[in-house]
Every structure is written in structure tokens, then in C-alpha cells.
1. Yes or no: residue 269 touching a residue at least 40 places away in the same chain (Cβ under 8 Å), in contact with a Leu (Cβ under 9 Å, 6 or more places away or on another chain) and not in a helix (DSSP H, G or I)?
2. Test residue 333 against the criterion of being assigned to a loop (DSSP other than H, G, I, E, B) and either at pLDDT below 95 or under 24 Å from residue 87 (Cβ atoms) (or both), and give yes or no.
3. Could we say that residue 418 is of a type in the set (A, V, I, L, M, F, W, C), touching a strand residue (DSSP E or B) at 6+ places or on another chain (Cβ under 6 Å) and under 20 Å from residue 497 (Cα atoms) here?
4. Kindly establish whether residue 410 is surrounded by fewer than 22 Cβ atoms within 10 Å (Cβ to Cβ), charged (D, E, K, R) and assigned by TED's automatic domain parsing to the domain that holds residue 454.
5. Scan the stretch 24-34 for residues that are part of a strand (DSSP E or B) and surrounded by 24 or more Cβ atoms within 10 Å (Cβ to Cβ) and report the count.
6. Under 6 Å between Cβ atoms, which residue pairs at least 6 apart in sequence (or on different chains) link something in the stretch 35-53 that is surrounded by 24 or more Cβ atoms within 10 Å (Cβ to Cβ) with a partner that is assigned to a strand (DSSP E or B) and among the β-branched types (Val, Ile, Thr)?
7. If you scan the stretch 182-212, which residues turn out to be without any contact (Cβ under 8 Å) to a residue 12 or more places away in the chain and of a type in the set (A, V, I, L, M, F, W, C)?
8. Residues of the stretch 380-434 being farther than 19 Å from residue 277 by Cα and free of Cβ contacts under 8 Å to residues at least 24 places away in the same chain, which ones?
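The values are calculated or read from the model by the stated rules, or taken from the named source; none is laboratory data. If you're wondering where the values come from, they're calculated on a predicted model, not measured in any experiment. Counting neighbours? That spans all protein chains shown, and the Cβs are built from the backbone with ideal geometry, glycine included.
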Amino acid sequence: MKKVLLFFSSLFFTQYSFAQNTAVLRADAPSNTISKHIYGHFAEHLGRCIYGGFYVGEGNVSIPNTNGIRNDVVAALKTLKVPNLRWPGGCFADTYHWKDGVGPKANRPTIVNTWWGGVTENNSFGTHDFLNMCEMLGAEPYLSGNVGSGTVQELKDWVQYTNFGGKSPMSDWRRQNGRDKPWHVKYWGVGNEAWGCGGNMTAEYYANVYRQFATYMTGVTDGEEIFRIASGASSNDYNWTEVLMKNVPLNMLGGVALHHYSVINWDKKGPSTTFSEEQYFNTMQEAYKMEELVTKHAAIMDKYDPQKKVALVVDEWGGWYEVEPGTNPGFLYQQNTMRDAMIAGLTLNIFNNHADRVRMANLAQAINVLQAVILTDEEKMILTPTYHVMEMYNVHQDAKLLPLTIQTKDYVLGSNKLPAVSGSASKDAAGKTHITLTNIDAKTSQTVSINVQGVKYKTVRGRILASQKLQDYNSFQNPNKIVPVAFKGANLKGNNLEVKLPPFSVVVLEVI
């Protein structure tokens, strides 16, 4: 057993052992705001994420749509309260030339998606389609600019095309293409994975490239300067973050990215649904690494930015397994089980507790790719366990973080162990307190006794996501096998809140 401290923005592990799960909630000490943008999503031109996922074409009569965008997808994502959506990549972003995707669709050139499956696509989904879709969703667009194979002028033109309201070559062209007012795109990625598919650059070289591109990405949208996000580190490449923070002036940086996937072994990732408990445990070990990564990257950023002006943007995270049998290996299509719900619950708790520095994140990816929240099959659509966790957790969006200290038992497998319970808490604008708890233990229920300090609560209610087996998932034949239901396992007596968490479950409590 280990003692797990979730205090303000940090989660610390010590060597002390405890015979029970206890927690302290400082309900009277709200601190940092948990940015809603932590709950962002990612839509890459990869497999069936865009074509067949978000977009089915304007002439499609079998699937209800608005200008080619699936109506069922829009409704589901609006319920999820998606705050931002990243596009067009990913690796695809550094091969994408945005001017190929505007103007009359019949005149757009076709391209080959060399990164993902070698398929040919016709560019029928482009800038207008994506930005108009974001308006339908009520989500902020996050455009990932082409630095690897693009030019400074090309990215400068894109900023002007989307954001400038006056007369200019790009805004005139936008109006010719049917859009009078600018979209006011705030969030811009300056390349993607520059250390890999974005150009195989060194950190020092990319820092100079970033400075060059960022210099010309200027403009004001909605009264604020655009928010430029540097291509950040892969997992524990702390030198990358060090070099960026040291070599790029802070006034040129809105955020620094970080990518980390919960992958057992990059050469043998394991199946998405027929995994063993050992494979599950190893996946959770990788998911727990997010705590260490965020803590250490944030510490480097603190050296150069003690006022925390620059955000840590975890714009790719999630589980990654072998593709479903019989599907294109380049499409990264995988099912989504209770294991993925555990990744989501644990990771979001970590992000919430680091709200002082983590102010944006993007689950990879939204539809039909990796740890998707939605899967589609022609006219059919299902919501995954990950979708339900993110919907349950959206009560934290833009709420004030409350300090939650947890002493937890361990989830033990053989000679290895992990903290069984993680959690986070917040107080929203209406004065309601929400507590989210995740028990990753595959076999054992965990009862948590929470001592509430500073506030006298009168009522508690909750929801739970659980199932009979870790390998359970929602299918097109049984789309509602795993859905949130009312939770009856919480009992409030005076200043003590006792919560019984079934194995591998996620619980959200509302206390007033």
C-alpha cells in the first residue's frame, strides 16, 4: 500500500502503508480553475475519423447530416461539452496544405495520406467544413499548422484567412468561398511532433524554427492575441522541454505540448478486448506515468516561467492497442473497454490536480481511432465507455479545484502494485461540489472514508460507470451494455462521506 497525496496541483507517492482508504477534502479552500480545455478532443485525417466519422458528404441521404456533418455525432459531442477540437493532425498536419481544402469541392486536388494507410482522399473536408463544424459543436477550433513540409508564408496566410475581418488577399478569398465573417481561431499548433513525423528535428533546431514561424503568426482574435502552442516532448524527453523554455522567449509561447500514450510495448501493443489482467496492469502502469511526466515537465517550465504564464498542453493522450482483426493497420481502429474508462478516469484526475499548469489536453482521438469516444459503422453510432467517463467528469469544467488528499490501498498483481484509488474534486459556479473517484483494482472493491473540512454538506448523490468484466465494451449489437447509472454506494454522516467503489469503476459524486 502507498500513500497518495492529491494536494492542490500535485499527486505525490510515498512509501507509507495504510490498511484502509481515507481522504481529506478541503471544501473551503478552492484554488486554481480547472480549465474546460483539459477536456478537449482530437480529429486527425486518419482512418475513419473524418470521412465516415464526422463527415459523410453533403449528398448523403442515408445518414442524417447538416452540410455533410453527421447530426448524431454533433448531438453526442454537444452533450459531452467538447471545449476544443484539434485538427487536421497529428502526423497528417505536417503534410497538409490548407489551400488544397478550400474553394469549390469539385476543383480541389486529391492527396495521398502517406502517414495513415496510403489512401487517396479528395480534400472535400477542409478549413470551412471544420471551422463551421466547430461552431455547430460550440467548440473552440485548435488548428495544427504545417511546419514540417510547409512554409512560413503558408501558415501566415492561414491565420489571415481564418481571422482577419478587414480587406486583404486572404480575407477576400475567404469571402469568395462563402464566408464573410472570420472565425477568430485562437489556438494554433506550430507543427506536430517535430522530433519525429514533423521533421525529425533536434530540440535546438525546432526552437529556432518555432521562433521563425511564430514571428509571422500574428493577429488579435476576440480581443486576445492568438495562442501559439509549440510542438512538445514525447513522454519523458525532458531535454526537449528544457530547450524550448530556455531558447524561446516567453512572450512567443502560449503553450508547450506533451504527448504520452498508455502503450504496453510499441512492438507488441496487445489486443483491445481480449487482454489479460497482466496486460491491463501494465497499461495502467503506463497511464500512471502521466503523473510523473506532468510533474517533471511542469518543474522545468517553472524554472523559466515561475508565474506559470505558459500552459502545458497534453494534446495527445490515451490507450493504444493493436487494430481490430481484419481492419486496415494504418487506420488505428480499436474497440473501447472498461480498461479505457480506467485510463480516462485516472488521467483526468491527474490533469485536474495539475490545473495550475495543465490548461489544455486532447484525447486521441474523437471517432473511430485509438481511444475514441464515438464509433460509427455506416448509419450506426455508439458511445464508448471513455465517452461516458468524459461526460461524467465534465462537471469539473471551469470549476475551482478543491484540495483532496487520499491515502489509498494498493492494487497488487504478483510482486507489482499500483495505487488503487485516484480522485479529484471541485466547486462549480453554482456552489456545488463534485468529487470524481476511480478504482483501478481489477478484483477488489475499495471503500473510501472522506473527511470533509470547512463545509457542512447535507445531501449526496452520484453516478457510476462499471461492468462485470474489464474486457466489456459497447458494440453495435449491444450499444448500451456500459452506461452510467445512479450510484447508491455513498453515505454522508456529519462531516464524513463514505464511498464504496466496486472493482474497476468510476464514480462522480455531487454534494451540496
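1. Values: touching a residue at least 40 places away in the same chain (Cβ under 8 Å): yes; in contact with a Leu (Cβ under 9 Å, 6 or more places away or on another chain): no; not in a helix (DSSP H, G or I): yes.
Judged against the criteria, residue 269 is not a match.
2. Numbers: assigned to a loop (DSSP other than H, G, I, E, B): yes; either at pLDDT below 95 or under 24 Å from residue 87 (Cβ atoms) (or both): yes.
So residue 333 passes the test.
3. It is false that residue 418 is of a type in the set (A, V, I, L, M, F, W, C), touching a strand residue (DSSP E or B) at 6+ places or on another chain (Cβ under 6 Å) and under 20 Å from residue 497 (Cα atoms).
4. Working: surrounded by fewer than 22 Cβ atoms within 10 Å (Cβ to Cβ): yes; charged (D, E, K, R): yes; assigned by TED's automatic domain parsing to the domain that holds residue 454: yes.
Criteria met by residue 410.
5. In the first step, residues of the stretch 24-34 are kept if they are part of a strand (DSSP E or B); the result is 24-26, 33.
Now restrict to residues that are surrounded by 24 or more Cβ atoms within 10 Å (Cβ to Cβ): 25.
So the answer is 1.
6. 49/367
7. 201
8. Answer for the stretch 380-434, where residues must be farther than 19 Å from residue 277 by Cα and free of Cβ contacts under 8 Å to residues at least 24 places away in the same chain: just 430.
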